[in-house]
Amino acid sequence: MPQSVTSIVKTVDFILKTPALASVLVPVSKVFTELSGYRKIGLRFDDLIAEETPIMQKAISRLPASESYARNFRIITAHQCTLSHQLLPLSKQVKPEEDVPYLIPYILEAEAEAAEKKELDEMVVVSKK
């Protein structure tokens, strides 16, 4: 069973609050992010999250129009870079300070709604006689 974004966010919060873990894992994650290369083709981290699940579809549909357009443009640009085997010029690559989560809040909201709906759907009503 795939992990929910909520559980991942809780794990990250725990790691960041624990100085020993943070001192080891944060530098490793920065190196991994740099080596992954998605920023060099114009993508942000949230653009990499698979969008085939109903929760992701709901989260993407809730994006503001400007953010949705920017996301689609980044994905199309990345496809073009991949097809042409080229990287973007340094001026157009995504900088680390620009790579902020824009979709995660919407995913967390959609997951909370799905969990609440599941809880309500599975609720058993017991009548007292």
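The values are calculated or read from the model by the stated rules, or taken from the named source; none is laboratory data. All figures in this text were calculated on a predicted structure; none of them were measured in a lab. Don't worry about glycine lacking a Cβ; one is built from the backbone with ideal geometry, like all the others, and counts go over all protein chains shown.
Just the residues that are over 19 Å from GLU97 (Cβ atoms) and of a type outside the set (A, V, I, L, M), please, taken from region 19-46.
Matches in region 19-46: PRO19, SER23.
For region 10-31, indicate whether the set of residues that are closer than 30 Å to LYS118 by Cα, in contact (Cβ under 8 Å) with a residue 12 or more places away in the chain and under 15 Å from the mean Cα position of the chain (by Cα) is non-empty. Even if it seems obvious, please write down each step before you answer.
Taking region 10-31 and keeping what is closer than 30 Å to LYS118 by Cα, we get 10-15.
Among the residues that remain, those that are also in contact (Cβ under 8 Å) with a residue 12 or more places away in the chain are: none.
No; the residues of region 10-31 include none that is closer than 30 Å to LYS118 by Cα, in contact (Cβ under 8 Å) with a residue 12 or more places away in the chain and under 15 Å from the mean Cα position of the chain (by Cα).
Which residue, of PRO64, PRO54, is farther than 30 Å from LEU87 by Cβ and at pLDDT 90 or above?
On the way: PRO64 fails: farther than 30 Å from LEU87 by Cβ.
When all the criteria are applied, what remains is PRO54.
Per-residue answers, yes or no, for (1) in a helix (DSSP H, G or I); (2) without any contact (Cβ under 8 Å) to a residue 12 or more places away in the chain; (3) within 20 Å of PRO105 (Cα to Cα):
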position	(1), (2), (3)
GLN57	yes, yes, yes
LEU63	no, no, yes
ASN72	yes, yes, yes
ILE76	yes, yes, no
CYS81	yes, no, no
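Just to be sure, is ILE8 surrounded by 15 or more Cβ atoms within 10 Å (Cβ to Cβ) and under 22 Å from TYR106 (Cα atoms)? Let's see the steps before the verdict.
On the way: surrounded by 15 or more Cβ atoms within 10 Å (Cβ to Cβ): no; under 22 Å from TYR106 (Cα atoms): yes.
For ILE8, the condition - surrounded by 15 or more Cβ atoms within 10 Å (Cβ to Cβ) and under 22 Å from TYR106 (Cα atoms) - is not met.
Consider LYS129 against the criteria (1) of a type outside the set (A, V, I, L, M); (2) at pLDDT below 95; (3) under 14 Å from TYR38 (Cα atoms): it satisfies all of them except one. Which criterion is unmet?
Exception for LYS129: condition (3).
State all residues of region 83-129 that are acidic (Asp, Glu) and touching a residue at least 60 places away in the same chain (Cβ under 8 Å); if no residue qualifies, say none.
Taking region 83-129 as the starting set, the residues that turn out to be acidic (Asp, Glu) are 97-99, 109, 111, 113, 116, 119, 121-122.
Listed by number, the residues that qualify are ASP99, GLU111.
For region 27-55: of the residues being basic (Lys, Arg) and not in a loop (DSSP other than H, G, I, E, B), which is surrounded by the fewest Cβ atoms within 10 Å (Cβ to Cβ)? Even if it seems obvious, please write down each step before you answer.
Within region 27-55, the subset basic (Lys, Arg) is 30, 39-40, 44.
Remaining after also requiring not in a loop (DSSP other than H, G, I, E, B): 30, 39-40.
Details: LYS30: 11, ARG39: 19, LYS40: 17.
Looking at the filtered set, the residue picked out is LYS30.
Return the residues of region 102-129 that are surrounded by fewer than 13 Cβ atoms within 10 Å (Cβ to Cβ) and not in a helix (DSSP H, G or I); say none if nothing qualifies.
Listed by number, the residues that qualify are GLU122, MET123, VAL124, VAL125, VAL126, SER127, LYS128, LYS129.
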